[in-house]
């Protein structure tokens, strides 16, 4: 843990509730915390505690009721939908529990997808994709379709897709939730390496204590409230 | 910033069976659409090719076609003296006074009879219609009971071949030649000497007078003079217009029948495409969520699904056109309602029909895909991602 670095994520008084019929169900209540640059943070808590909601808010795919989220100097709660989509394409890398690869696209094309939203030329895109796939150790599987890869390999392609644009933060929702012990270990090692060697800020939601062990900081969410940092 | 084309294409390829079934529905509609257009084009081409813009057809006022018309010899002689009529060889006017009679003849193979046009011609008749060419035998001699048959007649009617005999007008007529007039209506006629035929059929009057204009632009002048002459009860039309008018009723009938069939069929095909696309959107909800999360805009999602549906339409259009193109091998013979005579023509595929059919298939794809594409684009990212 390195507290001397400036925070890359600043969350202030964040609240979010869902409406079910006439009932309003609070999910997050007045959350305030910082995430320093280069942090590997694990968010834990029971189901329904709001950890995924918090992750979605940080990733800019859900909107808060009140409060502020400042990421690398950008207040994302005030961005319009199209600006927010553009911001996500540049600053957020997603890792999902079920990999969420596009089944009709090859590993190469899946990793290339976020780069189609940039101004990079075809050759530059190719170079980036190849580098990303090399980092995750799948350079030899570029032309395979997701169905031709194992779960662990698919998740590695998904990680390559998440890092290929060199985003500001990586958000991972249960990245090992669908994997066996061995593959889960590989994925966690890969994320740990990305964090240590490339200085990627990672925010991970998990139920898995082994996954949480890899993180520098574990925060617990319970009933919409964040408990203090507990190492 | 678009989702790659291969995404839409490969999704169709991945669910090949559904794609083929849905596209087949559209193909059927495009087939019907194209074949009706090809039919009416074939009819139009046959009748319009029959005429030449420099030729003028004169018939009795108020008669829709040569069949109902009658022109007294004296009136025909007046027309012959009009200064606008061109001169041909040896100072003879390029003008033919013709007779048109309908008779029933039995078809080859079956004994079913069908109406055939017998045209009494004069030597100038052939000069006026350069598209008519003798392909077998020789020309009938003037003043004899010799006739020649159009290629389509020779093929389809009993006794129509060279050396064979046909009985009508209480006489036996010998076929001495076969002529081909391409796609025109003349191919479905029998030609013989006008004076002989008038005697045989006891007809004192001609049916029509055809002449060539010395100057094509003089048509309005001669038309005005002929129609204003108190001695005459005639009307003049350019030959092209005359035949186009004849195809009008039939073409209109085909168009109305074809369009109503197509519209009803296409509703079915569009609903089919819509169901396919709605289920594609439902099956790929989490994919849509992922693409949106990665930063693709709603418009890109809309475009990708619309593209998929347009491709589906295009596939249907191509299959439909492929099968419709084989219709060109068929010749249809039918009764022309306006002349009550047999007319043979074939399905004709033109570039215009080609692109209209493809456009139509794309429109079906668009209409079928637009609502599902909007549903895809409107999905909430978080909810879409929750679907696995």
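The values are calculated or read from the model by the stated rules, or taken from the named source; none is laboratory data. In this text, all values refer to a predicted model and were calculated from it rather than measured experimentally. Here the Cβ is made from the backbone with ideal geometry for all residues, glycine too, and neighbour counts use every protein chain on show.
Go through (1) more than 18 Å from the chain's Cα centre (by Cα); (2) touching a residue at least 40 places away in the same chain (Cβ under 8 Å); (3) in a loop (DSSP other than H, G, I, E, B) for residue A:143 and report which single condition fails. Tallying (1) more than 18 Å from the chain's Cα centre (by Cα); (2) touching a residue at least 40 places away in the same chain (Cβ under 8 Å); (3) in a loop (DSSP other than H, G, I, E, B), residue A:143 fails exactly one: (2). The set of residues in region B:1-25 being outside any helix (DSSP H, G or I), out of contact with any helix residue (DSSP H, G or I) (no Cβ under 6 Å at 6 or more places or on another chain) and either at positive phi or touching a residue at least 60 places away in the same chain (Cβ under 8 Å) (or both) consists of B:15 alone. Selection of region B:133-145 for residues being part of a loop (DSSP other than H, G, I, E, B), surrounded by 14 or more Cβ atoms within 10 Å (Cβ to Cβ) and at pLDDT 90 or above yields B:139, B:140, B:145. Just one of the listed residues (B:73, B:92) is surrounded by fewer than 18 Cβ atoms within 10 Å (Cβ to Cβ), more than 14 Å from chain A (Cβ to nearest Cβ) and modelled with pLDDT under 90, namely B:92.
Select from region A:66-87 the residues that are crowded, with 16+ Cβ neighbours inside 10 Å and more than 23 Å from residue A:217 (Cβ to Cβ) and list them in ascending order. Passing the criteria: A:77, A:79, A:84, A:85, A:86, A:87.
Among the residues of region A:146-157, those identified as surrounded by fewer than 16 Cβ atoms within 10 Å (Cβ to Cβ) and free of Cβ contacts under 8 Å to residues at least 40 places away in the same chain are A:148, A:150.
Remark: residue A:179 matches the filter, which requires a residue to be touching a helix residue (DSSP H, G or I) at 6+ places or on another chain (Cβ under 6 Å), assigned to a loop (DSSP other than H, G, I, E, B) and more than 14 Å from chain B (Cβ to nearest Cβ). When residues in region B:1-59 are screened for being surrounded by 18 or more Cβ atoms within 10 Å (Cβ to Cβ) and within 14 Å of another protein chain (Cβ to nearest Cβ), 7 of them pass.
Filtering region B:300-318 for residues that are at negative phi, within 14 Å of another protein chain (Cβ to nearest Cβ) and assigned to a loop (DSSP other than H, G, I, E, B) leaves an empty set. Per the listing A:117, A:90, A:113, the residue uniquely modelled with pLDDT under 95 and buried (at least 22 other Cβ atoms within 10 Å of the Cβ) is A:113. Of everything listed in (1) in contact with a helix residue (DSSP H, G or I) (Cβ under 7 Å, 6 or more places away or on another chain); (2) not in a loop (DSSP other than H, G, I, E, B), the single unmet condition for residue B:82 is (2).
Counting only strands (runs of 3 or more DSSP E) that sit completely within region B:173-283, those holding 1 or more residues that are surrounded by fewer than 20 Cβ atoms within 10 Å (Cβ to Cβ) and outside the structural domain of residue B:72 (by TED's automatic domain parsing) correspond to B:234-238.
So that you can scan it fast, the table gives a plain yes or no per residue for (1) within 30 Å of residue B:272 (Cβ to Cβ); (2) in contact with a strand residue (DSSP E or B) (Cβ under 7 Å, 6 or more places away or on another chain); (3) not in a helix (DSSP H, G or I):
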residue: B:27; (1), (2), (3): yes, no, no
residue: B:37; (1), (2), (3): yes, no, no
residue: B:48; (1), (2), (3): no, no, no
residue: B:64; (1), (2), (3): no, no, yes
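Residues considered: A:204, A:191. Of these, the only one that is assigned to a strand (DSSP E or B) and under 30 Å from residue A:47 (Cα atoms) is A:204.
Of the residues examined, residue B:105 is not one that is surrounded by 19 or more Cβ atoms within 10 Å (Cβ to Cβ), assigned to a strand (DSSP E or B), at pLDDT 90 or above and in contact with a helix residue (DSSP H, G or I) (Cβ under 9 Å, 6 or more places away or on another chain). The sole residue among A:64, A:85, A:59 that is in contact with a strand residue (DSSP E or B) (Cβ under 6 Å, 6 or more places away or on another chain) and facing chain B (nearest Cβ under 10 Å) is A:59.
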